[in-house]
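Below is one structure, written out as structure tokens, with a few remarks after it.
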Amino acid sequence: IRVQFANGAFVSPAMNITREGLKEPFDIAPGITVAADTYDHLEAAWRFNTNEGAPLSFNGGIDWGGFLSGRRQGGFGTLTYRTGAKLASSLRVTYSDVNLAEGDFEVALVALRVAYSFTPRVYLQSLIQYNEQARTWSGNVRFGWLGTAGTGLFVVYNDVQEAQSLTGPFDAVGRAVIVKFTRQFQLAR
């Protein structure tokens, strides 16, 4: 079921039947290994948003129901601000409380995105995210100068820092600068 409003807002109180199959055990959280098996569940996945064409908008969701060998409940919310076609920023908070036969854990993520378009083909984007479970801050800055059909110049800087809390102390985990240039050409006519 999806209820759409004239201004673009919607609400969708969905129920999903899920099947998850694991061929081998895997570590889902520190000290918690989920067994290989097939897991069938019913889950609620409600979604909603305000008018995303407005300068200020909100979207979110609530999830609860079966998950792997147990249950999960949580949700997310994103507040987005746009100034015309040039600048967009958003703050997203995600939380899940997971109770499995193998153990319980919580996951909290906080992410801030900022994007600026100099022209329709030249942009700068950034993402900063804190993962409470992994205790890491990660940052990503991308510059793109687009050609045709997804070609162009792309420069990306990634930085991951381990942190004991939101405010530190910090230890570098990894850094990378990636440069990619693609060009489309015709081999034969």
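The values are calculated or read from the model by the stated rules, or taken from the named source; none is laboratory data. Model, not experiment: these values are computed from the prediction. Quick reminder, even Gly has a Cβ in these numbers, built from the backbone with ideal geometry, and neighbours come from all protein chains shown.
Would a scan of the range 163-185 turn up a residue that is of a type in the set (D, E, K, R) and outside any strand (DSSP E or B)? Spell out how you get there, then give the answer.
Of the range 163-185, the ones of a type in the set (D, E, K, R) are 171, 175, 180, 183.
If we keep only those that are outside any strand (DSSP E or B) too, we end up with 183.
Yes: one or more hits.
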Name the single residue that is surrounded by the fewest Cβ atoms within 10 Å (Cβ to Cβ) among those in the range 1-41 being within 25 Å of Asn51 (Cα to Cα) and among the β-branched types (Val, Ile, Thr). Ile1
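Only one of these is surrounded by fewer than 11 Cβ atoms within 10 Å (Cβ to Cβ), farther than 28 Å from Trp64 by Cβ and in contact (Cβ under 8 Å) with a residue 12 or more places away in the chain: Ala163, Ala172. Name it.
Working: Ala163 fails: surrounded by fewer than 11 Cβ atoms within 10 Å (Cβ to Cβ).
The match here is Ala172.
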For the range 81-109, which residues satisfy the criterion of being under 19 Å from Ile28 (Cα atoms) and of a type in the set (Val, Ile, Thr)? Thr94, Val98, Val107
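Condition test on Gly147, is it closer than 30 Å to Arg72 by Cβ, modelled with pLDDT under 95 and exposed (fewer than 14 other Cβ atoms within 10 Å of the Cβ)? It would help to see each step written out before you state the result.
Details: closer than 30 Å to Arg72 by Cβ: no; modelled with pLDDT under 95: yes; exposed (fewer than 14 other Cβ atoms within 10 Å of the Cβ): yes.
No: the conditions fail for Gly147.
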When Arg92 is evaluated against the numbered criteria (1) exposed (fewer than 14 other Cβ atoms within 10 Å of the Cβ); (2) among the charged types (D, E, K, R); (3) within 16 Å of Leu112 (Cβ to Cβ), which criterion, by number, is the only one it fails? (1)
Counting just the residues of the range 104-125 that are polar (S, T, N, Q) and crowded, with 16+ Cβ neighbours inside 10 Å, which one comes out nearest to Phe170 (Cα to Cα)? Gln125
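Which residue, of Ala36, Ala88, Ala14, Ala6, is out of contact with any Gly (no Cβ under 7 Å at 6 or more places or on another chain), within 30 Å of Ser126 (Cα to Cα) and either in contact (Cβ under 8 Å) with a residue 24 or more places away in the chain or not hydroxyl-bearing (Ser, Thr, Tyr) (or both)? So that I can check it myself, show each step before the final result.
Numbers: Ala36 fails: within 30 Å of Ser126 (Cα to Cα); Ala14 fails: within 30 Å of Ser126 (Cα to Cα); Ala6 fails: within 30 Å of Ser126 (Cα to Cα).
Of the residues listed, the single one that is out of contact with any Gly (no Cβ under 7 Å at 6 or more places or on another chain), within 30 Å of Ser126 (Cα to Cα) and either in contact (Cβ under 8 Å) with a residue 24 or more places away in the chain or not hydroxyl-bearing (Ser, Thr, Tyr) (or both) is Ala88.
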